[in-house]
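> Next up is a structure, given as structure tokens.
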Amino acid sequence: MRTSAVRFDGVSRHYGEVRAVDAVDLDIAEGEFFAMLGPSGSGKTTCLRLIAGFEQPTDGDIVIFGETAQGVPPYKRHVNTVFQDYALFPHLNVLDNVAYGLMIAGKPKRERHAAAEAALELVALPGYGARKPSELSGGQRQRVALARALINEPRVLLLDEPLGALDLKLREQMQDELKDLQRKLGITFIFVTHDQGEALSMADRVAVFNEGKIVQIGKPEDIYYRPEVPFVADFVGSSNVLPPRVVEKMAGQWSHASVRPEAVKLVDAGIGADGLHATVHSTAFIGTATRVSLDLDGFSMVALLPKGARIPDAGEQVHVTWGSEDLHLMDAA
Amino acid sequence: MTDHVLETDRSGGLRGISDALWRNPRLVILLLLTPPALWLGIVYLGSLFALLAQSFFSIDEFSGLIQYEFTLKTYKELFTPTNLDIIIRTVVMSACVTIAAAIVAFPIAYYAARYARGKWKALFYLGVMLPLWSSYLVKVYSWKLILAKEGILNWLFETLHLSWLLNAYLSIPVIGGNSLSVSWTGTFLVFLYVWLPFMILPIQASLERVPRSMTEASGDLGASPRQTFCHVLFPLALPGVIAGSIFTFSLTLGDYIIPQIVGSSRRFIGQAVYAYQGTAGNIPLAAAFAVVPIVIMAFYLWIAKRMGAFDAL
């Protein structure tokens with residue numbers, strides 16, 4: 001059993017009537033790459049801010065490496081944050097930004113500048129020290145923010161939507177780099193994102209947030225293939241959620257179920273009577289596949305048809321089927 | 001139904017003028033800038049240079065007539081002990097008022113920029129601006145009443161049995177006096193009150209532009225609130241503080257009414273200018289005195305620029 005880096009014991013954060021975080025229990029192991037995934041306003045960022053110490057819990061306790069964080073101000077926590085807007089100090093150059101934590105700690109100038117130079121090398125920005133943050137691109141600022149957060153050698157690094165402001169190509173590149181960096185340094189990364197692809201591809205474990213609560217926590221494959229509640233099925237990779245009356249008809253059990261869009265097959269209405277009767281609403285070519293929106297009796301589904309499959313026209317009548325192993329039953333919710 | 005996508009009606013009238021202006025953006029700029037340029041250029045700068053020119057003339061000591069010949073004699077007169085005293089006194093007072101205003105204004109501005117929302121923000125603006133709506137003279141005279149021996153402040157000290165404290169303070173040379181209303185402390189307090197809004201508003205504006213994540217990042221990296229203030233908040237607010245100090249410093253340098261109503265009989269630059277150009281009829285010396293604040297402000301701005309106060313603009 002690995003040591004626990006961050007533990008939430010029934011942590012709540014309320015703003016008046018609003019329950020931003022509502023009785024959350026959580027245990028993040030040391031060295032883990034942990035993602036908090038959820039739509040905006042689901043409480044994931046508040047959880048991160050609670051760990052950093054910018055917010056205090058209304059209720060419950062946060063334990064960091066075995067010690068309670070109750071009443072400990074941010075500047076006394078060995079936890080560092082990469083901010084969503086990077087929060088680089090505009091009046092300092094890149095080197096002094098990175099060296100800020102060491103300057104505060106009272107390290108002499110030569111020592112801290114050498115350390116900052118090494119940290120810039122780590123994030124592949126050697127020799128950028130003399131520039132002002134305003135002279136850098138978004139991706140470069142992101143790296144500087146990372147170097148600045150790492151220079152204090154934190155045991156937990158918090159990342160608040162760090163890739164949100166970058167364009168797609170750069171984002172994918174940074175995902176790989178962050179993952180490599182985490183492996184190299186071996187410290188705990190806690191990563192907040194609303195992008196399921198990002199969470200699934202980078203994290204060892206993912207917690208899915210909705211309305212201040214964790215609705216599911218587990219490995220990316222579990223979250224993706226075995227969602228426990230309709231919200232997770234819908235939010236993570238936009239699975240089709242089937243209502244209980246349909247599930248009962250097809251699998252003989254009264255519960256919600258999910259089917260991944262890529263598992264959905266379309267059969268011409270004339271052939272074979274099994275499957276569900278549906279009308280094609282619209283189709284859209286999305287590069288690797290074609291997305292087909294279907295109207296079923298009272299609800300809608302999405303199918304992803306691979307290259308080479310026959311693409312039906314809008315308004316066409318089809319039958320919808322899937323392999324029985326692709327139907328994933330969920331707890332009623 | 002019209003057949004044209006583009007309106008073909010290019011006839012005159014107001015729309016014709018609009019079209020012509022739209023096609024000539026430079027004409028718009030010219031029209032917008034000419035009136036203020038004329039106003040500033042001729043009325044303001046013109047009279048300023050006329051004044052400057054006067055300072056290079058001198059007055060004939062016997063006849064009291066102005067001699068229209070170039071001379072630096074009048075400037076030399078500025079350096080007589082009495083006049084130098086006036087200049088030093090004014091500069092020291094301006095510096096004290098500026099520093100005190102910055103210290104008092106910062107927390108208020110910080111609160112307004114960081115915490116005040118909606119109703120409280122409106123209340124803040126009202127509270128800061130309200131004193132500016134009433135006449136300057138009314139404010140100064142009401143302060144004279146507050147500070148007078150029979151005034152409310154004295155009464156308060158008496159009620160609290162602290163008169164000995166006030167008397168001990170007033171017996172201090174230079175800053176004390178018979179009562180607060182005839183001491184430099186009184187002058188200082190009134191200056192501070194009257195110019196405070198001019199310090200609060202620029203600082204508030206500059207703090208408003210500092211995102212919360214900036215101070216959080218500093219704390220996150222281990223800086224205590226005091227260190228965050230010194231290394232992040234104050235440097236980022238500095239352009240606002242400098243802007244505010246330009247107001248408070250120059251306004252104090254040039255004011256002649258406050259020290260006349262509240263304070264000792266010893267003069268400030270403004271009073272000297274007022275006296276020399278009026279009763280004494282010594283326009284050249286008055287002009288030379290008027291040049292002093294201009295030179296001091298130019299020097300002050302130069303220093304501020306050298307210190308990088310405008311880098312974060």
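The values are calculated or read from the model by the stated rules, or taken from the named source; none is laboratory data. Being a predicted model, the structure only gives us computed values, none of them experimental. Cβ placement follows ideal geometry from the backbone for every residue including glycine, while neighbour counts extend to all protein chains displayed. Calculation scope for accessible area: heavy atoms of the full protein, side chains included, ligands and nucleic acids excluded. Shrake-Rupley method; radii C 1.70, N 1.55, O 1.52, S 1.80 Å.
> Against the 2.2 N^0.38 Å scaling, with N counting residues, where does chain A land? I'd like the Cα-based Rg ratio to two decimal places.
Working it through for chain A, the quotient is 1.18.
> State the volume of the convex hull built on the alpha-carbon positions of the protein assembly as shown, expressed per residue in Å³ and rounded to an integer.
So the per-residue hull volume is 301 Å³.
> Another question, if that's okay. Of A:K109/A:K169; A:K184/A:K307; A:K107/A:K132, which pairs sit farther than 28 Å apart, going by alpha carbon to alpha carbon?
A:K109/A:K169; A:K184/A:K307
> Taking 1 over the mean of 1/r across every pair of different Cα atoms in segment B:13-55, what Kirkwood radius in Å do you get?
12.5 Å
> Considering the dipole of segment A:4-234 built from charges on the beta carbon (Lys and Arg +1, Asp and Glu -1) around the Cα centre, which of A:L178, A:A130, A:L120 is farthest to its positive end?
A:A130
> How large a share of the accessible area of chain B, in percent, is made up of carbon and sulfur atoms when the probe is 1.4 Å and the other protein chains stay in place?
71 percent
> Counting only heavy atoms of the protein chains, get the accessible area per residue of chain A (1.4 Å probe) and round it to a whole Å² value.
Here the residues of chain A average 47 Å² of exposed surface.
> Other chains near A:68-75: what is the mean number of their Cβ atoms within 10 Å of each residue's Cβ?
Across the residues of A:68-75, the mean count of other-chain Cβ atoms within 10 Å is 3.
> Considering just Cα atoms, how many Å³ per residue does the convex hull of segment B:76-306 enclose?
164 Å³
> Please list A:302-311, A:239-248 highest first by mean number of surrounding beta-carbon atoms within 10 Å per residue.
Top to bottom by mean Cβ count within 10 Å: A:239-248, A:302-311.
> Among B:A100, B:A109, B:A290, which one shows the biggest mean-square fluctuation in a GNM of chain B, springs joining Cα atoms closer than 10 Å?
Of B:A100, B:A109, B:A290, the Gaussian network model singles out B:A100 as fluctuating most.
> Now a separate question. Given an 8 Å cut-off on Cα distances and at least 6 residues of separation, report the relative contact order of segment B:1-129 as a percent.
Contact order relative to length: 9 percent.
> So what's the back-of-envelope 222 nm ellipticity for chain A, counting only DSSP H runs of four-plus at -39500 (n - 2.57) apiece and dividing by all residues, rounded to 500?
Rounded to the nearest 500, the figure is -7500 deg cm²/dmol.
> Only helical DSSP H runs with n ≥ 4 go in: add -39500 (n - 2.57) per run for chain B, normalise by residue count and round the 222 nm mean residue ellipticity to 500 deg cm²/dmol.
It lands at -22000 deg cm²/dmol.
> When you look at the Cβ of every residue in A:95-104, what mean number of other chain Cβ atoms sits within 10 Å?
What the average comes to for A:95-104 is 3.
> If you don't mind, another one. What number, in percent, do you get for the relative contact order of chain B if the mean sequence gap of Cα pairs under 8 Å and at least 6 apart is divided by its residue count?
24 percent
> Using +1 at the C-beta of Lys and Arg and -1 at the C-beta of Asp and Glu, which of B:W133, B:G176, B:A95 has the Cα lying farthest in the positive direction of the dipole of segment B:76-306?
Of B:W133, B:G176, B:A95, it is B:W133.
> So how much accessible surface do A and B hide from each other in total, probe 1.4 Å, in square angstrom to the nearest 100?
Chain pair A/B: roughly 1700 Å² of buried accessible area.
> How big is the shadow of the Cα convex hull of segment A:239-329, averaged over all directions, in nm²?
5.5 nm²
> Averaged over peptide A:80-91, how many Cβ atoms belonging to another chain are found within 10 Å of each residue's Cβ?
The mean count of partner-chain Cβ atoms within 10 Å per residue comes to 5.
> If you don't mind, another one. Assuming a ≥ b ≥ c are the square roots of the Cα gyration tensor eigenvalues, decide whether segment A:8-92 counts as rounded (a/c under 1.5), prolate (otherwise, with a/b larger than b/c) or oblate.
In terms of gyration-tensor shape, rounded.
> A further question on this structure: Starting at 0 and stepping by 10 Å, how many percent of the alpha carbon pairs of segment B:173-313 end up in each bin?
With a bin width of 10 Å, the distribution comes to 11, 27, 29, 20, 10, 3, 0.
> Would you work out the relative contact order for chain A, in percent, from Cα pairs under 8 angstrom that are 6 or more residues apart?
16 percent
> Then there is this: Run the quick spin-label model on A:K179 and B:L30: label points 7 Å from Cα toward the beta carbon, then report their separation in nm to one decimal.
For A:K179 paired with B:L30, the spin-label model returns 6.4 nm.
> Exceeding 20 Å between C-alpha atoms, which entries from my cross-link table qualify? They are A:K44/B:K119; B:K76/B:K305; A:K76/A:K213; A:K44/A:K219.
Where the Cα-Cα span goes over 20 Å, the pairs concerned are A:K44/B:K119; B:K76/B:K305; A:K76/A:K213.
> Explain nothing, just the number: dipole magnitude of chain B about its Cα centre with +1 on each Lys and Arg Cβ and -1 on each Asp and Glu Cβ, in debye rounded to the nearest 20.
480 debye
> Could you tell me what percent of the accessible area of chain A is made up of carbon and sulfur, with a 1.4 Å probe and every protein chain present?
Whole-percent figure for carbon plus sulfur exposure: 50.
> From the residues A:M330, B:A288, B:Y68, which one has its Cα farthest along the dipole of the protein assembly as shown in the positive direction, the dipole being from +1 and -1 charges on Cβ of Lys/Arg and Asp/Glu about the Cα centre?
Working it through, the farthest residue towards the positive pole turns out to be B:Y68.
> With springs connecting C-alpha atoms under 10 Å apart, model chain A as a Gaussian network and identify which of A:R13, A:R183, A:R148 has the largest mean-square fluctuation.
Result: A:R183 has the largest fluctuation of those listed.
> Using per-residue counts of other Cβ atoms within 10 Å, averaged over each peptide, order B:272-279, A:154-161, A:4-11 from highest down.
A:154-161, A:4-11, B:272-279
> In nm, give the distance between the simple-model label positions of B:A298 and A:D297, each being 7 Å from the Cα along the Cα-to-Cβ direction.
According to this spin-label approximation, the distance is 9.2 nm.
> For segment B:168-313, with only Lys/Arg (+1) and Asp/Glu (-1) charged at the beta-carbon, what is the dipole magnitude about the Cα centre, in debye rounded to 20?
So the magnitude is around 260 debye.
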